[in-house]
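Taking it in order: structure first as structure tokens, then the write-up.
The values are calculated or read from the model by the stated rules, or taken from the named source; none is laboratory data. None of these values were measured; they are calculated from a predicted model. Neighbour counts run over all protein chains shown; Cβ positions are idealised from the backbone, glycine included. Side chains are part of the model used for accessible areas, which takes the heavy atoms of the whole protein and leaves out ligands, DNA and RNA. Shrake-Rupley method; radii C 1.70, N 1.55, O 1.52, S 1.80 Å.
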6 protein chains.
Amino acid sequence: MRPSQRRPDQLRDLRFTRGFTKHAEGSVLVEFGDTRVLCTASVEARVPPFLRGQGKGWVTAEYGMLPRATGERSPREAARGKQGGRTLEIQRLIGRALRTAIDLDALGERTITLDCDVLQADGGTRTAAISGAWVALREAVDGLLASGALGADPLHTQVAAVSVGVFEGEPVLDLDYAEDSKAETDMNLVMDADGRFIEIQGTAEGVPFARSELDALLALGEAGIREIQAAQRAVLAD
Amino acid sequence: MRPSQRRPDQLRDLRFTRGFTKHAEGSVLVEFGDTRVLCTASVEARVPPFLRGQGKGWVTAEYGMLPRATGERSPREAARGKQGGRTLEIQRLIGRALRTAIDLDALGERTITLDCDVLQADGGTRTAAISGAWVALREAVDGLLASGALGADPLHTQVAAVSVGVFEGEPVLDLDYAEDSKAETDMNLVMDADGRFIEIQGTAEGVPFARSELDALLALGEAGIREIQAAQRAVLAD
Amino acid sequence: MRPSQRRPDQLRDLRFTRGFTKHAEGSVLVEFGDTRVLCTASVEARVPPFLRGQGKGWVTAEYGMLPRATGERSPREAARGKQGGRTLEIQRLIGRALRTAIDLDALGERTITLDCDVLQADGGTRTAAISGAWVALREAVDGLLASGALGADPLHTQVAAVSVGVFEGEPVLDLDYAEDSKAETDMNLVMDADGRFIEIQGTAEGVPFARSELDALLALGEAGIREIQAAQRAVLAD
Amino acid sequence: MRPSQRRPDQLRDLRFTRGFTKHAEGSVLVEFGDTRVLCTASVEARVPPFLRGQGKGWVTAEYGMLPRATGERSPREAARGKQGGRTLEIQRLIGRALRTAIDLDALGERTITLDCDVLQADGGTRTAAISGAWVALREAVDGLLASGALGADPLHTQVAAVSVGVFEGEPVLDLDYAEDSKAETDMNLVMDADGRFIEIQGTAEGVPFARSELDALLALGEAGIREIQAAQRAVLAD
Amino acid sequence: MRPSQRRPDQLRDLRFTRGFTKHAEGSVLVEFGDTRVLCTASVEARVPPFLRGQGKGWVTAEYGMLPRATGERSPREAARGKQGGRTLEIQRLIGRALRTAIDLDALGERTITLDCDVLQADGGTRTAAISGAWVALREAVDGLLASGALGADPLHTQVAAVSVGVFEGEPVLDLDYAEDSKAETDMNLVMDADGRFIEIQGTAEGVPFARSELDALLALGEAGIREIQAAQRAVLAD
Amino acid sequence: MRPSQRRPDQLRDLRFTRGFTKHAEGSVLVEFGDTRVLCTASVEARVPPFLRGQGKGWVTAEYGMLPRATGERSPREAARGKQGGRTLEIQRLIGRALRTAIDLDALGERTITLDCDVLQADGGTRTAAISGAWVALREAVDGLLASGALGADPLHTQVAAVSVGVFEGEPVLDLDYAEDSKAETDMNLVMDADGRFIEIQGTAEGVPFARSELDALLALGEAGIREIQAAQRAVLAD
């Protein structure tokens, strides 16, 4: 039995709140149970130096965790003077995943920055961030389309992500912290609207995992992502 | 007429939401109109090196702003590799103000860190942070008293803060961004429960101000702080 | 009785030495008793990026303390790899105060940097720095006028600063380190030639202060600043 | 046809040179074609602070690339003042993978640091680093066993890694730079001696990949890793 | 007797291996006994900001030591976040020495960066680096001449370097680590093809040295450098 | 003729002012013409980690330049966030030179830090710093002897330094900035009371120098250092 009493293939309560803050071109609070991540999309009319003058755009992400988003306070990265390896790894993943969904040439010379800040952590912050960031990105692109800044939609697919893992010998979907901290295997999946993989990252925590476990985890994740994508569409349809 | 249609001595809508996040010993979302700051108090059983072995405690603060809390995205301090001068100045002010309210000897060898993170900025973030941090600190100390970790209450007064300023020639209370960005004089006041000053910081923006203006600003601020302190007590009484 | 045997309203011996070093466009050693700060004004024909192409100038300040300016050696900030919060706060104050005195449009596209380096510290280094920096700035602007680089004087008022505080229950002027380290309230005042406030920063050290104390401190400070301004004018007249 | 004329399931020429440098407890130059990585294992009789006094050991890795290991010179990370996100991500992967293979309790209070420095890069440096680091780790542990410092072998499995990817529509093994820079999908696999997964990291470069492609890549990678593990055993048997 | 059984005026086995890596315009592994330094020369079509638009070039050097190049592992400078004083001193020396040999005007607007990375250290790494870097620089300039990018040879002299020192009271040439770590005096000499001095750096380690000792060291060094220059010419003639 | 009208073997006006600041255990302003360096010696009852518990002491130096000590303002190192290579090189030289003069075992577990801050630069700041730092060190050690903290004098020799160089083809002593910026060869000499070398650092600026030039420079430097040492003794005798 899972600590949260969920079935193995059951997501946590999932909620996307649009317009959570007022300044950003896209702003979504995403909640997977007690995990809460604020995702904003900021549109700026410039691109990084390596893209200048090419007429194409850029999508990038930054990730942060409020110091007391976690059970024990963790040091503020701004005060320590650098982002840790985990932070850099996560924000590289978010940016890479969303760039797969967008046609940068069609975006034109603008940068969309996705800031994903964890207000409260309870496992699965990086996959929540990706799922929320896609909604914020969709909002921001819709704004550009509505204002006429863009004539055609550069965002050609939908992106969502979820974690799966082996907890007490059983494959489970959408691990919370109680599961994640004891999982034998931890895997993050990012998929598009057609059920194809954008990213798959699986790590053995202590014990290596067999191909059969991998297959079971992939099946759980695929189903979970379909549910998340339905929720993304629902909130955008409101 | 103020851009927000408020009277000169009128605060913005003020709200303290307790328990906004679940992990911290104190956690308050404070809102002054559209300014929203998440204040958490974290209790840790250790003190900084300069206090070790003296049996006394420490209270400190850190301040941050989410990159898109503002109208234009500002660079993430963690990514830039250092906290800016403004950030350091504000968090030093918050920590200093709250240490005035607490008996560090009575706190014992523990540190309470007040993290004030601006989710949305519309002027007056530092005074909102002080007012919210006091509520979070009160919650955290109440927890220590309730658990028996502390026998007597070390928090001996109530602290609140507000900004006042001269906008279009007239002294006004609790400036929002539209006023703050054009104010001729900007002043932050921090006071205790007896209406005495903990901190007063007044800055001429362009035009120096006369003693008579100072007196008018102080009167506005005192009245405003009494209202804020009433709201703090009300939310704690719930 | 004050440790220095001074009356409550008595400044320390005050001295401005012009031309203390030879390279800078303005160079003044300011001494308030044993506090000695070297203030130089450097004129450069460029402005920071945010002002480029607007035809206006900039005035900024940097503050430093030699490692052994103090009773105990403090670590060199250059070796530690960053300026501390106190340093940043002070140099922001100096720059802000002096910008109030000058018409940046009339200055033209040039930057004047005021470097205030404490050779020996005995309390009141930031207010000494402001008072000295104004003389160095005056020298530098006079040089621009003399050479014809400027046709009209952009420096429209005189700026001086002093500290006041409550020591052993009594308001006193111009605290030295022996007083400052035990003061109950510490306040820095910056004023212009007309006795108006440019900045007021008062901090309760432990015990909050009443309005009546504030009034007494302001009165002491105003008188002290008039004396300092007279000394500034005298040294410039030499 | 692959640029290197290899069959889809063909590794590059693979070479492990033991004792490449003389000071380290383990020192291996690993070559996958033109990719050359020097892997050293350093044994030190201390552990990081979070493990002190627990009687258990630690294995960690650091990764670096000489500035001109690549076709265009890349800036030296030591001169830039920080390790980039890619570097941190890779060294976290190497350390995590090798910790899976060793019993840290049995290692005792010592740290083994695996330094993986790329002398020449031609694709696949991270997987080469893992494969080489395992040999260096094996050497270092053998030294501890030979000297009697360890009584039982804490290294309980063999670790190797390889990259696979989709190049011009076809799944291929062990991509060199010419392939890697154009691959549609890029995947790194780390496996143990029993063919179980330690890590799987797959990234769509542009086009998401289907489950069938994933299966084909996994099959290629498993076979490749068996070959690499045979080569590791052969060089250790010499 | 020297620990290595060498005569006082005897160099260690000296070897220059050209083309050690494939990407750089010049690439030489230089070995003085067990000291091994990889020197690469990278040609880039741009100059540092202070030289822009002047039509002249730049030659600079960077030095690094792999963490386990030494008997005890030393922390990786990239991980520590800065290059140490010794590193900066050495790379400034290498760059300065090689700039003496080249006509920067004749080089045109390009930068040649000499990266000197110590793979294994056994004393004398900085002088080995200079001697090897000159060969790599020669290779890079020859490439520019061969391709027609340069019409005339800007490299007008040959540069080599060696260390000399007083070990157990006797002047010796080319100290290895066993000698260097106990030497009373340590001196590095850099000379041109005409036996003139480019740099001389002598340091008393504990006991100051007399003029007569200086003369003896200079004589040893001059002879040693002639041998090294012959070896440089021999390897380039191959 | 030298720009300063001096004879080739003539020092600039030389002055040591003792007690220039009041807090440090040794405090000397040294002036070589317009070059002015404040040298303080700070005694602290602790040693760096690598010396702890060995009963021996440490002498180290830090060097800094006020931003406007020079003709053009140079950026403040504390603000840039690191000390430059030149600074590190100079402070390593100063520390090394003075450690040669003192018996660290006899000093006991204390650190003496020599802070050398250039108030005004006109060439030769590093050699002035060494010459001044020795006087400050002598003062600090005399204080330890006078207070009985030390029973025997650990400072066993006198240290002074000077620069020599080839200016317009002629060897000259004690170069000022006008000469230094055009010198063909630049050499810094540090010697003890017996005329032996502690450090010799000669650099060809553009044109390599012959042995005969070296001999001429050494002779000039030796005579200059004798004069400086006489001045050091004279000021200490006052």
### For chain F: accessible area per residue (Å², 1.4 Å)
36 Å²
### Summary
Along the range D:155-164, Karplus-curve 3J(HN,Hα) (6.51, -1.76, 1.60; θ = phi - 60°) to the nearest Hz, with x for Gly and Pro, reads 8, 9, 8, 10, 10, 9, 9, 8, 9, 10
## Note on the structure
Computed over the range B:1-64, the convex hull of the Cα set has an average projected area, in nm², of 6.9 nm²
### Message
Need one number: nm distance between label points at A:Q54 and E:Q5, each 7 Å from Cα along Cα→Cβ, rounded to one decimal.
### Response
6.0 nm
### Query
How far is helix A:125-146 tilted off the main Cα axis of chain A, in degrees rounded to 10, range 0 to 90?
20 degrees
#### Entry: Buried on assembly, the range B:187-201 (at least 50 Å² less accessible surface than by itself, 1.4 Å probe)
B:R196, B:F197, B:I200
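Just need the relative contact order of chain F here, percent rounded to a whole number, with Cα pairs under 8 Å and 6+ apart. Don't skip to the end; give the middle numbers.
Details: 513 pairs, mean separation 51.7, N = 238.
Computed value for chain F: 22 percent relative contact order.
Got a sec? What order do F:L29, A:L14 fall in by accessible area at 1.4 Å, biggest, i.e. largest, first?
Numbers: F:L29 10, A:L14 50 Å².
So, going from the largest accessible area down, we get A:L14, F:L29.
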### Nearest-first distances (nm) between copies at C:R46, label 7 Å from Cα via Cβ
1.7, 1.7, 4.1, 4.4, 4.5
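For the cross-link pairs A:K82/D:K82; A:K82/E:K82; B:K56/C:K82, which exceed 20 Å when the distance is taken from alpha carbon to alpha carbon? The partial results should precede the final answer.
On the way: A:K82/D:K82 9 Å; A:K82/E:K82 13 Å; B:K56/C:K82 29 Å.
The answer is B:K56/C:K82.
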### Message
Run the label-point distances for E:A146 please: 7 Å along Cα to Cβ, every other copy, nanometres, shortest first.
### Response
4.3, 6.3, 6.3, 7.1, 7.9
### Task
Towards the positive end of the charge dipole of the range A:91-152, with charges on Cβ (+1 Lys, Arg; -1 Asp, Glu), say which of A:G132, A:L93, A:A152 has the farthest Cα.
A:L93
### Query
Angle between the Cα long axis of helix A:85-99 and the longest principal axis of chain A, 0 to 90 degrees, nearest 10?
60 degrees
### Area buried, chain D against chain E - accessible surface, total, 1.4 angstrom probe, square angstrom
2900 Å²
### Message
Just to be sure I understand: with springs between alpha-carbon atoms less than 10 Å apart, which residue in A:L175, A:L220, A:L38 has the highest mean-square fluctuation in the Gaussian network model of chain A?
### Response
A:L220
### Task
Taking each label point as 7 Å beyond Cα in the direction of the beta carbon, state the distances from A:P3 to the same residue in the other copies, shortest first, in nm.
4.7, 4.8, 5.5, 5.5, 7.2
### Buried on assembly, the range B:1-26 (at least 10 Å² less accessible surface than by itself, 1.4 Å probe)
B:F20, B:T21, B:K22, B:H23, B:A24, B:E25
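Just flag the trypsin sites (Lys or Arg not before Pro) in the range D:51-118 sitting in loop per DSSP whose Cβ has no more than 11 other Cβ atoms within 10 Å. Kindly include the intermediate steps, with their values, before the conclusion.
Working: sites: D:R52, D:K56, D:R68, D:R73, D:R76, D:R80, D:K82, D:R86, D:R92, D:R96, D:R99, D:R110; in loops: D:R52, D:K56, D:R68, D:R73, D:R76, D:K82, D:R110.
Of the trypsin sites (Lys or Arg not before Pro), the ones in loops of the range D:51-118 whose Cβ has at most 11 other Cβ atoms within 10 Å are D:R52.
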## Note on the structure
Residue-ordered couplings for the range D:10-17, obtained by feeding phi - 60° into the Karplus form 6.51 cos²θ - 1.76 cosθ + 1.60 and rounding to whole Hz (Gly and Pro as x), are 9, 6, 6, 4, 10, 9, 10, 10
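Say R0 is 45 Å: what FRET efficiency, to the nearest 0.05, do A:A234 and B:S74 get from their beta-carbon distance? Working shown, then result.
Values: r = 33 Å, r/R0 = 0.73.
Given R0 = 45 Å and the Cβ-Cβ separation, E is 0.85.
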### Message
Using square roots of five times the C-alpha gyration tensor eigenvalues, list the equivalent-ellipsoid semi-axes of the protein assembly as shown in whole Å, biggest first.
### Response
50, 50, 30
### Message
Please report the residue of chain C with the smallest beta-carbon distance to the C-to-A rotation axis, and give that distance in Å, no decimals.
### Response
C:G81, 5
#### Entry: Per-residue SASA entry for E:S42, accessible area with 1.4 Å probe, Å² rounded to 10
0 Å²
### Message
Through the Karplus equation 6.51 cos²θ - 1.76 cosθ + 1.60, θ set to phi - 60°, convert the phi angles of the range E:175-187 into ³J(HN,Hα) values in whole Hz; use x for Gly and Pro.
### Response
5, 8, 4, 4, 7, 4, 6, 10, 5, 7, 9, 9, 9
## Note on the structure
Binned at 10 Å from zero, the C-alpha pair distances of the range A:103-186 give percents of 16, 36, 23, 17, 8, 0
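So if I average 1/r over every pair of distinct C-alpha atoms in the range B:14-237 and take the inverse, what Kirkwood radius in Å does that give?
Working: mean 1/r = 0.0559 Å⁻¹.
Hydrodynamic radius (Kirkwood, Cα only) of the range B:14-237 equals 17.9 Å.
Just the number, please: carbon plus sulfur as a percent of the accessible area of the range C:14-237, 1.4 Å probe, no ligands or DNA/RNA counted. Before the final figure, lay out the partial values.
Values: 3560 of 7540 Å².
Its accessible area is 47 percent carbon and sulfur atoms.
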## Note on the structure
Contact-by-burial set, the range B:99-115, min loss 50 Å², accessible area of protein heavy atoms with 1.4 Å probe, reference chain alone, gives B:T100
### Query
Helix C:211-237 versus the longest principal axis of chain C: what is the Cα-based angle in degrees, 0 to 90, to the nearest 10?
40 degrees
### Task
Pop a pseudo-label 7 angstrom from the Cα along the beta-carbon direction at both F:K182 and A:E44 and give the gap in nm to one decimal.
4.8 nm
